[in-house]
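Remarks on the structure that follows.
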């Protein structure tokens with residue numbers, strides 16, 4: 001009997017103890033313990049929706065976010081399963097990696113983490129997943145993808161490893177594109193699955209806004225193809241080009257060589273990421289004569305048929321000689337543009353006078369940023385006449401002692417094509433958030449009117465002669481279209497001062513159809529070799545870009561009288 | 001004595017009268033609670049499953065869109081044509097026949113004109 005009593009007492013004691021402990025755990029001051037349990041069950045899910053897209057004017061996606069996977073291995077687990085050889089063999093074959101390298105990284109029994117592949121696309125991750133190898137994990141990561149690779153890379157920019165927009169549109173509109181990540185707080189069950197009814201807080205993610213650019217990916221392609229041709233044919237150190245809608249100022253294409261692929265931006269040197277079309281100042285050379293002659297005609301200082309003595313190629317002004325590339329006798333104003341006479345342009349500038357020339361150049365936007373929606377734009381440089389040397393007016397007339405960006409020059413050309421209205425170049429059509437609310441709307445904007453409609457029309461007629469047989473830009477002719485354009489060949493400025501004798505910046509800017517221009521291009525080649533002039537190099541590249549672009553955009557051909565044959 | 005017994009008998013009836021339905025009500029409420037809990041849990045699981053599915057489908061859509069955008073890119077098309085030794089270019093201006101807009105345009109929507117097509 002006493003045994004029964006003893007067992008009962010023991011049992012009662014055990015149960016009593018357990019009950020007391022239970023009561024203590026639940027009701028006692030065990031905040032830390034309870035917090036530990038809660039922590040074990042708590043789950044936080046980050047909700048990523050990614051950045052907004054970047055699209056061209058026709059809605060073609062140029063940049064979007066995709067889910068990729070970091071393929072991670074736990075070497076210790078593979079080692080303990082004695083599968084290191086099989087594992088390394090399969091993975092090296094599937095991922096195209098060196099077997100020895102994979103083997104050495106996995107054959108480490110105490111290691112718990114090895115990232116085998118960073119940001120593998122879905123297809124590749126799926127192939128590895130199908131191998132059903134133990135000790136593998138696939139961590140989903142949001143990555144920025146650029147489906148067209150290097151196309152328009154300087155305009156689009158890229159996103160760095162911290163997820164920040166760097167360069168181009170990605171940087172300029174980062175605050176609107178990036179959106180906001182959301183999260184979800186709740187609890188999970190024993191199988192580590194979220195219990196929906198225990199979801200305590202959900203902050204919805206806010207998707208980034210979409211940026212619609214004014215560029216057309218096909219025109220962009222024609223421009224980039226032209227630059228590739230220039231790089232292989234004329235061997236410049238760098239090349240850049242822009243296409244712009246004459247009437248609105250909208251940018252249709254902008255490209256630079258050397259270039260980079262934003263999907264692999266860190267494999268390229270910094271200089272490849274420089275957008276030279278807006279971020280590189282250069283002395284424009286003879287393409288600058290367009291502004292000088294337009295100013296003189298607008299002021300009534302000269303008429304198109306006024307004749308100037310071009311001094312057989314050598315003229316002394318303020319005690320310093322000024323030379324032409326080829327000697328010319330008497331030329332009218334059209335001839336000065338057509339033959340690109342430095343002496344003729346200098347004489348026109350002298351007749352115009354320093355102050356008026358300066359005023360017109362400022363009106364054309366020289367020395368002032370265009371405020372295009374891209375980071376890194378340069379303003380160029382134009383000194384005030386009080387700081388000019390006596391010979392400056394003759395040098396500025398031929399595009400020296402002044403620096404510009406390609407965009408400034410093209411915009412100037414577009415003003416000639418647009419009846420004298422200087423438009424603000426713009427790259428962004430609109431920025432729209434996911435609810436369809438327009439956050440920013442780009443629109444044509446007149447910023448100045450440096451010359452009259454009549455002057456602009458006269459200039460277009462004269463510039464058409466440049467691309468006709470005998471003009472310096474005849475290689476820029478496009479079959480079916482009259483092209484108004486201007487060549488330029490500037491000696492490069494040496495770092496220590498002075499000019500290089502055999503190094504040039506060759507350029508051509510032109511628009512078509514000349515009678516009512518719709519599209520304008522500028523092509524700049526930095527130190528092309530062995531051909532060095534704008535007429536022999538950049539003009540040809542212009543035609544390569546303009547011809548398919550005109551056909552693709554279905555620009556009406558010029559009438560038979562105006563148009564001449566071309567390449 | 002009879003009176004007391006009657007009262008006791010009356011009290012017992014009242015306990016049964018109220019107690020049984022109360023217990024039945026509690027049981028019914030319990031059943032309803034269990035049913036609702038089960039239903040909610042099921043719906044919750046369904047929602048989380050659909051959320052996962054939605055996320056997966058979104059990924060798939062984006063991947064397909066990425067492929068489609070790349071396939072439509074003129075550079076890739078040209079590369080593909082080159083690989084097969086084909087060359088394509090835009091037609092020359094004199095190869096394009098332009099129709100005058102004033103000419104009658106054939107209706108594009110036959111259905112609107114009551115056509116049986």
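Values in this text are rule-based calculations from the coordinates and carry no lab data. Owing to the predicted nature of the structure, the values given are computational and were not obtained by experimental measurement. Methodologically, a virtual Cβ is constructed for each residue, glycine included, from the backbone with ideal geometry; neighbour enumeration extends over all protein chains shown.
Of note:
- When you restrict to C-alpha pairs under 8 Å that are six or more residues apart and normalise by the size of segment A:67-138, the relative contact order lands at 54 percent.
- Virtual spin-label span in nm between residue A:115 and residue A:438, 7 Å along Cα→Cβ: 4.2 nm
- C-alpha center-to-center spacing [segment A:469-521, segment A:256-332] in angstrom: 8 Å
- Shape of segment B:11-86, Cα gyration tensor, a/c cut at 1.5: prolate
- Cα-based helix-to-principal-axis angle, A:84-95 vs chain A, degrees rounded to 10: 30 degrees
- On the basis of the beta-carbon distance and an R0 of 22 Å, residue A:98 and residue A:142 show a calculated FRET efficiency of 0.15.
- For segment A:477-567, diffusion coefficient by Stokes-Einstein and Kirkwood Rh (Cα), 20 °C, 1.002 mPa s, µm²/s: 155 µm²/s
- Neighbour counts of other Cβ atoms within 10 Å put A:68, A:26, A:41, A:400 in the fewest-to-most order A:26, A:41, A:400, A:68.
- Modelled label positions at residue A:89 and residue A:26, each set 7 Å beyond Cα in the direction of Cβ, lie 5.8 nm from each other.
- Only Cα pairs under 8 Å and 6+ residues apart enter the sum, and on that basis the relative contact order of chain A stands at 14 percent.
- Among the residues of B:72-78, the average count of other protein chain beta-carbon atoms within 10 Å of the residue beta-carbon is 6.
- Convex hull of chain A built on C-alpha atoms - directionally averaged projected area, nm²: 38.9 nm²
- Value at 222 nm in deg cm²/dmol, rounded to 500, when DSSP H runs of n ≥ 4 in chain A each add -39,500 (n - 2.57): -10000 deg cm²/dmol
- Burial ordering of A:521, A:87, A:138, fewest other beta-carbon atoms within 10 Å first: A:138, A:87, A:521
- Rg/Rh ratio calculated on Cα atoms of segment A:434-539 (Kirkwood radius): 1.14
- Subtracting the Cα-Cα distance of residue A:323 and residue A:351 from their residue separation scaled by 0.36 nm leaves 8.2 nm.
- DSSP beta bridge pairing in the protein assembly as shown, given as percent antiparallel to the nearest 5: 95 percent
- Compared with the dominant Cα axis of chain A, that is its longest principal axis, helix A:406-417 is turned about 50°.
- The stretch between residue A:479 and residue A:40 holds 150.6 nm of extra length on full extension. This uses 0.36 nm per residue minus the Cα-Cα distance.
- Normalised by the number of residues in segment A:463-556, the average gap of Cα pairs under 8 Å and 6 or more apart makes the relative contact order 28 percent.
- Residue B:40/residue A:164 FRET efficiency (R0 45 Å; Cβ-Cβ; nearest 0.05): 0.60
- Ranking of B:18, A:240, A:173 by neighbouring Cβ atoms within 10 Å, starting from the fewest: B:18, A:173, A:240.
- Segment A:37-192 shape via C-alpha gyration tensor axes, a/c threshold 1.5: oblate
- For segment A:67-138: rounded, prolate or oblate by the Cα gyration tensor [a/c cutoff 1.5]: prolate
- Sites residue B:89 and residue B:33 - FRET efficiency at Förster radius 51 Å, r taken between beta-carbons, to 0.05: 0.10
- Axis of helix A:289-298 versus longest Cα principal axis of chain A: the two differ by about 60°, to the nearest ten degrees.
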